[in-house]
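Working notes for the structure below.
The values are calculated or read from the model by the stated rules, or taken from the named source; none is laboratory data. This structure is a prediction, so every number in the text was calculated from the model and none was measured. A quick note on method: Cβ atoms are made from the backbone with ideal geometry, for glycine too, and the neighbour counts reach across all protein chains shown. Protein only, heavy atoms only, side chains kept; ligands, DNA and RNA dropped before computing areas. Shrake-Rupley method; radii C 1.70, N 1.55, O 1.52, S 1.80 Å.
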Amino acid sequence: MSRPITFVTGNANKLREFQAIVGDDSILNQKVDLEEIQGSIDEISRKKAKAAAKIINGPVLVEDTCLVFDALSKPGLELPGPYIKWFIDSLKVEGVPKLLAGFENKKAQSVCTFGYCEDAHSEPILFKGITEGTIVEIPRNKGDQVFGFDPIFLPDGFDQTFGEMDKSLKNTISHRYRALVKVKDFLKTRK
């Protein structure tokens, strides 16, 4: 029998969405302080997965969420990309759309990458989900619970931001959902 997988996150919102989408209570959860790595989306996910597998001493899933603005990015340089957490910490979610003030192009992608690593000696496997959308100028949220960039990301084809959407709808179209569909398919082959 294979060893249980540990989903490494200390973010309660990510854990809730993960559990709602995956629905596999055999997956453990543990918060682990990992070094904040710089690099491309894929480089960061691979390094986080290897570091977590070494600390946990077993199979892990790690997750990295990014917000990529078309106007600020080019191949290999996704901005704010994996640094969106720090942009929100510094500018608050209200300030992030101001980065696009001088640009007509407000298109963006929300990107979620899960990295799976069997152990510290294995090569990580990446599962990426992308949702296309637009950045709204003024954050829109339902209630007072703000989760990351949800209030400023309007997915294509919808008139509500992720922050306004019912979580059951968001969990069927989000970047995290799209990545976790791939993770679930992989987990079926692992058992």
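Okay, residues lined up against (1) small (Gly, Ala, Ser); (2) modelled with pLDDT of 95 or more; (3) more than 30 Å from Phe186 (Cα to Cα); (4) crowded, with 16+ Cβ neighbours inside 10 Å:
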{"position": "Lys85", "(1), (2), (3), (4)": "no, no, no, yes"}
{"position": "Ser90", "(1), (2), (3), (4)": "yes, yes, yes, no"}
{"position": "Lys98", "(1), (2), (3), (4)": "no, yes, yes, no"}
{"position": "Gln109", "(1), (2), (3), (4)": "no, yes, no, yes"}
{"position": "Pro124", "(1), (2), (3), (4)": "no, yes, no, yes"}
* Asked: Mind checking which residues of segment 57-76 are assigned to a helix (DSSP H, G or I) and open to solvent by less than 40 Å² (accessible area, probe 1.4 Å)?
  -> Ala71
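Rundown of residues vs (1) at positive phi; (2) open to solvent by 40 Å² or more (accessible area, probe 1.4 Å); (3) among the polar types (S, T, N, Q), yes/no style:
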site: Thr131; (1), (2), (3): no, no, yes
site: Gly157; (1), (2), (3): yes, yes, no
site: Gln160; (1), (2), (3): no, yes, yes
site: Asp166; (1), (2), (3): no, yes, no
* Structure fact -> With the first residue restricted to segment 25-47 and required to be open to solvent by 30 Å² or more (accessible area, probe 1.4 Å), and the second required to be in a loop (DSSP other than H, G, I, E, B) and of a type in the set (Ser, Thr, Tyr), Cβ contacts under 8 Å at 6 or more apart or on different chains are Asn29/Thr9; Lys31/Thr9
* **Any pair with Cβ under 8 angstrom, 6 or more apart, that starts in segment 94-113 at a residue that is over 30 Å from Val181 (Cα atoms) and ends at one that is part of a loop (DSSP other than H, G, I, E, B) and open to solvent by 70 Å² or more (accessible area, probe 1.4 Å)** => Glu94/Ile138
